[in-house]
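Colleague: Shown below is the structure under consideration.
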Amino acid sequence: MNILITGANGQLGNEMRIIAKESTDKYIFTDVNQVEGVETTYLDITDMDAIRKMVADNNVNAIVNCAGYTNVDGAETNEALAEKLNADASENLAKAMKEVGGLLIHISTDYVFGGNSYNTPCKEDQKGTPTGVYGLSKLHGEERIIATGCNHVIIRTAWLYSEFGKNFCKTMMNLTATKPQLKVVFDQVGTPTYALDLAKAIEVILEKFDGSQTGIYHFSNEGVCSWYDFTKMIAEYNGTTSCDIQPCHSNEFPSPVTRPSYSVLDKTKIKETFGIKVPYWTDSLKTCISNLKK
Ligand SMILES: NC(=O)c1ccc[n+]([C@@H]2O[C@H](COP(=O)([O-])OP(=O)(O)OC[C@H]3O[C@@H](n4cnc5c(N)ncnc54)[C@H](OP(=O)(O)O)[C@@H]3O)[C@@H](O)[C@H]2O)c1
């Protein structure tokens, strides 16, 4: 297969680079963001003509869209840009795959939920109730992809972290190492996702997709925790246990967006459809921190 990766210099995109090293498929890594020493072809996914040309020149038959507007708070004041990247551009990629009969694997988010209160894991067909601009723009992206009629696998994931870029795990490794005390919210519950585990799941989907599995799927690591629990384990695996970490309520950290208080994703569908095995969140966290320390 000839696989186009967009947003290749982000967290997930970089993990796809690791997966590609062991693959016999041809991967083309693209982004608007150039990183010194990392081979990246320029592709702006808001540019439909450029996407069509990239697909034709490389005979692309699958796109993995790792690009997006991912600043949840920033989206509240940059609605047009969030919509352009997360909805319009996602539709561009879907149209390009529809035109050549290819597959679009697109990444969405648990932030499409949150407006309703519930305490059981969210299933794929649960109604989207986003609480902010980011979640709404991602929900629009899903709808626009589906409307093109292309072969698609939309993967909603949550609390993504990796060795690459900025993320909660790296921030907390630093804060627990440098601060004597830290307060972290315990009233938002979900599941972290190691981006390398998601990249491995994407590799399985690329191998097994046969046209019949088009749809929305959920993927995170296994288990459930709060941001407070997540931080406690980060400190433990990082060896920064001298920091006094205390639980607090979300209202102690005012933010422009109300985060979902419970956004655990039910992963039964992706496991049953593609035979994907999902690691437990603390096992993956341990692996990521150990990789970061190498
Ligand atoms: N991070 C999370 O916790 C989380 C949770 C759930 C779902 N997701 C979803 O997972 C996906 C991957 O997230 P991530 O954390 O890996 O993202 P990320 O690290 O923010 O990477 C996104 C990449 O896309 C690039 N990009 C921005 N505008 C572009 C454009 N017009 N054309 C092409 N590339 C463009 C970015 O470049 P710049 O850096 O220059 O902008 C960046 O390199 C996203 O769809 C996100 O919504 C993320």
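FYI, it's all coordinate maths here, none of it is from the lab. On a predicted model such as this, the values are computed, not experimentally measured, just so you know. Note that we place each Cβ from the backbone using ideal geometry, even for glycine, and neighbour counts take in every protein chain shown.
Colleague: Do any chymotrypsin sites (Phe, Trp or Tyr not before Pro) in segment 32-134 lie in a loop, going by DSSP, with at most 15 other beta-carbon atoms within 10 Å of their beta carbon, and if so which?
Modeller: Here the sparse-neighbourhood loop sites are 118.
Colleague: For residue 294 and residue 39, compute 0.36 nm times the residue count separating them, minus their Cα-Cα distance, and round to one decimal in nm.
Modeller: Separation in residues times 0.36 nm, less the Cα-Cα distance, equals 89.5 nm.
Colleague: Does anyone have the angle between helix 48-58 and the longest principal axis of the chain? Alpha-carbon axes, 0 to 90°, nearest 10?
Modeller: Taking Cα atoms only, the helix is inclined about 70 degrees.
Colleague: Principal axis lengths of segment 102-172 from Cα atoms, whole Å, largest first?
Modeller: So the extents along the principal axes, rounded to whole Å, are 41, 33, 22.
Colleague: Now for a different question. Picking from 19, 154, 51, which is most flexible by a Gaussian network model of the chain using Cα springs under 10 Å?
Modeller: Of 19, 154, 51, the Gaussian network model singles out 19 as fluctuating most.
Colleague: At R0 = 22 Å, how high is the FRET efficiency between residue 117 and residue 252 if r is their beta carbon distance? Nearest 0.05 is fine.
Modeller: E(calc), rounded to 0.05, equals 0.60.
Colleague: Over the chain, with a Gaussian network built from C-alpha contacts below 10 Å, which listed residue (89, 199, 80) shows the highest mean-square fluctuation?
Modeller: The residue with the greatest mean-square fluctuation here is 80.
Colleague: Enter the Cα centre distance for the pair segment 199-248 and segment 116-137, rounded to the nearest angstrom.
Modeller: Centre-to-centre distance over Cα atoms comes out at 18 Å.
Colleague: Please list log₁₀ I(q)/I(0) at q = 0.08, 0.10, 0.11, 0.12 Å⁻¹ for the chain, using the Debye equation with identical point scatterers on the alpha-carbon positions.
Modeller: For the chain, the Cα-only Debye profile gives -0.33, -0.52, -0.63, -0.76.
Colleague: When the chain is treated as a GNM, springs tying every alpha-carbon pair under 10 Å, which of 254, 192, 180 comes out with the largest mean-square fluctuation?
Modeller: 254
Colleague: Oh, and also: Enumerate the amide H contacts of residue 183 below 5 Å, restricted to partners 5 or more residues apart or on another chain; note that Pro and chain-start residues carry no placed amide H.
Modeller: Hits under the 5 Å cutoff: 246.
Colleague: With the crude spin-label approximation of a point 7 Å out along Cα→Cβ, what separation in nm comes out for residue 171 versus residue 236?
Modeller: In this crude label model, residue 171 to residue 236 measures out at 2.2 nm.
Colleague: By how many degrees, between 0 and 90 and to the nearest 10, does the Cα long axis of helix 89-100 differ from the longest principal axis of the chain?
Modeller: Long axis of 89-100 versus the principal axis of the chain: about 40 degrees.
Colleague: What number, in percent, do you get for the relative contact order of the chain if the mean sequence gap of Cα pairs under 8 Å and at least 6 apart is divided by its residue count?
Modeller: The normalised contact order for the chain reaches 19 percent.
Colleague: As an exercise, use a Förster radius of 22 Å and the Cβ-Cβ distance of residue 49 and residue 84 to find the FRET efficiency, rounded to the nearest 0.05.
Modeller: 0.90
Colleague: What's the angle, to the nearest 10 degrees (0 to 90), between helix 11-21's Cα axis and the longest principal axis of the chain?
Modeller: Rounded to the nearest ten degrees, it is 60.
Colleague: Using Cβ contacts closer than 10 Å as the measure, can you line up 222, 203, 143, 252 from fewest to most?
Modeller: 252, 143, 222, 203
Colleague: Fewest to most neighbouring Cβ within 10 Å: what's the order for 263, 23, 90?
Modeller: The order, fewest Cβ neighbours first, is 23, 263, 90.
Colleague: Let's test the formula: R0 of 41 Å, r as the Cβ-Cβ distance of residue 244 and residue 59. What FRET efficiency results, to the nearest 0.05?
Modeller: Using R0 = 41 Å, I get an efficiency of 0.10.
Colleague: Peptides 5-12, 145-152: what's the order by average Cβ count within 10 Å, highest mean first?
Modeller: 5-12, 145-152
Colleague: Here is a further query. Would you work out if segment 196-294 is rounded, prolate or oblate? Take a ≥ b ≥ c from the square roots of the eigenvalues of the alpha-carbon gyration tensor; rounded if a/c is under 1.5, else prolate when a/b is larger than b/c, oblate otherwise.
Modeller: Taking the square roots of the gyration eigenvalues as a ≥ b ≥ c, segment 196-294 is oblate.
Colleague: Using the alpha carbon gyration tensor of segment 9-100, what are the three equivalent-ellipsoid semi-axes (square root of 5 times each eigenvalue), largest first, in whole Å?
Modeller: 23, 18, 11
Colleague: Report, ordered by chain and residue number, the lysines lying within cross-link reach of residue 294, taken as a straight Cα distance under 30 Å and ignoring same-chain residues fewer than 8 apart.
Modeller: 21, 26, 166, 170, 179, 183, 200, 232, 277, 286
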